[in-house]
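Note sheet for the following structure.
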Amino acid sequence: MFNKMRKTKEKDVPVTKEEVLRHPMPNHVAIIMDGNGRWAKKRALPRAAGHYEGMQVVRKITRFANELGIQILSLYAFSTENWKRPKSEVDYLMKLPEQFLTTFLPELVAENVKVQVIGHAEALPDHTRRAVEKAVKETSGNTGLVLNFALNYGSRAEITAAVKQIAKDVERGMLAPEDITEPLISSYLMTSGLADPDLLIRTSGEIRLSNFMLWQLAYTELWFTDVLWPDFTEQHFLEAIAAYQRRDRRFGGVSAR
Ligand code: FPP
């Protein structure tokens with residue numbers, strides 16, 4: 001009798017795009033794309049091969065995010081700490097935005113994607129900066145997905161620069177200390193004008209933020225996976241969104257459910 005009443009174990013059915021589309025989408029998804037090096041090492045390939053494969057996944061996930069109607073996709077492509085890597089790897093990583101934006105610019109334009117960049121662009125090599133500027137300019141009128149690359153980005157550096165600028169504006173009499181509110185601070189950050197991320201994905205099993213959008217992630221839902229970035233698929237992306245849709249976002253308040 002007791003046994004008969006027990007529920008049979010539900011099978012793990014992969015979540016579908018249609019299912020995910022029935023629920024509210026995250027407006028802004030941010031991704032820390034990690035694990036390119038380990039992906040390459042597992043295959044006895046140079047680290048650059050992992051980054052190259054990672055770039056193909058950027059293309060795939062950008063198209064998919066756009067298809068799902070997500071409004072902003074922020075990708076951590078190069079941090080202010082990544083300069084510590086061997087010069088050959090840094091040189092290769094600096095070629096990737098150029099390669100990506102040159103190869104796929106017609107596609108991004110056709111798909112109505114708007115490219116934006118956060119980070120200290122002035123320290124990028126000229127060829128990288130020019131490619132980024134061209135893509136930003138040529139997609140500036142697009143109204144679909146905002147593809148926001150974090151390049152030479154570090155959150156503490158961003159906050160430090162914002163604090164400095166606020167102090168200067170107070171000194172010049174343009175701002176009073178009482179004007180310094182949370183929205184005002186947000187408006188001095190590199191993400192000014194972009195809503196905060198609703199969902200952060202980090203691949204490769206590392207459970208940390210690595211100096212990415214520390215202010216902006218205050219109420220973001222975090223989703224971590226062991227999958228290495230070059231192995232990340234549309235299905236993994238759907239799983240992350242489905243997990244987000246199951247969460248009860250209270251923003252410090254009480255549940256509305
Ligand atoms: C982290 O993996 C990844 C990076 C530092 C670079 C991310 C760049 C890409 C995914 C490609 C960029 C594409 C464009 C379009 C700009 P890791 O090297 O730290 O991997 P590991 O932790 O396994 O060594």
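The values are calculated or read from the model by the stated rules, or taken from the named source; none is laboratory data. All figures in this text were calculated on a predicted structure; none of them were measured in a lab. No Cβ is skipped: glycine too gets one built from the backbone with ideal geometry, and neighbour counts run over all protein chains shown.
A search for C-beta distances below 8 Å between a residue of the stretch 52-77 that is among the hydroxyl-bearing types (Ser, Thr, Tyr) and any residue that is near the ligand (Cβ under 10 Å from one of its atoms) and part of a helix (DSSP H, G or I), counting only pairs 6+ apart in sequence or on different chains, returns 52/96. In the stretch 1-55, counting only helices (runs of 4 or more DSSP H) that sit wholly within it, the ones holding 3 or more residues that are surrounded by 16 or more Cβ atoms within 10 Å (Cβ to Cβ) and at pLDDT 95 or above span 36-42. Residues in the stretch 63-77 that are at negative phi, of a type outside the set (Asp, Glu) and either modelled with pLDDT under 95 or more than 9 Å from the ligand (Cβ to nearest atom) (or both): 63, 64, 65, 66, 68, 70, 71, 72, 73, 74. Quick check on the stretch 78-88. Is at least one of its residues within 10 Å of the ligand (Cβ to nearest atom), closer than 18 Å to residue 107 by Cα and assigned to a helix (DSSP H, G or I)? Within the stretch 78-88, not a single residue is within 10 Å of the ligand (Cβ to nearest atom), closer than 18 Å to residue 107 by Cα and assigned to a helix (DSSP H, G or I).
For every residue, the table says whether it meets (1) within 30 Å of residue 12 (Cβ to Cβ); (2) touching a Leu at 6+ places or on another chain (Cβ under 9 Å).
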position: 148; (1), (2): no, yes
position: 157; (1), (2): no, no
position: 190; (1), (2): no, no
position: 200; (1), (2): yes, yes
position: 207; (1), (2): yes, yes
position: 229; (1), (2): yes, no
position: 235; (1), (2): yes, no
position: 241; (1), (2): yes, yes
position: 255; (1), (2): yes, no
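Quick one: how many residues across the stretch 111-126 are in a helix (DSSP H, G or I) and either aromatic (Phe, Trp, Tyr) or at pLDDT 95 or above (or both)?
Within the stretch 111-126, residues that are in a helix (DSSP H, G or I) and either aromatic (Phe, Trp, Tyr) or at pLDDT 95 or above (or both) number 1.
Among the candidates 135, 157, 161, the residue that is part of a helix (DSSP H, G or I), in contact with a helix residue (DSSP H, G or I) (Cβ under 8 Å, 6 or more places away or on another chain), surrounded by 14 or more Cβ atoms within 10 Å (Cβ to Cβ) and of a type outside the set (D, E, K, R) is uniquely 135.
Scanning for something more than 16 Å from the ligand (Cβ to nearest atom), in a loop (DSSP other than H, G, I, E, B) and surrounded by 14 or more Cβ atoms within 10 Å (Cβ to Cβ), does the stretch 178-186 turn up at least one residue? For the stretch 178-186, residues more than 16 Å from the ligand (Cβ to nearest atom), in a loop (DSSP other than H, G, I, E, B) and surrounded by 14 or more Cβ atoms within 10 Å (Cβ to Cβ): present.
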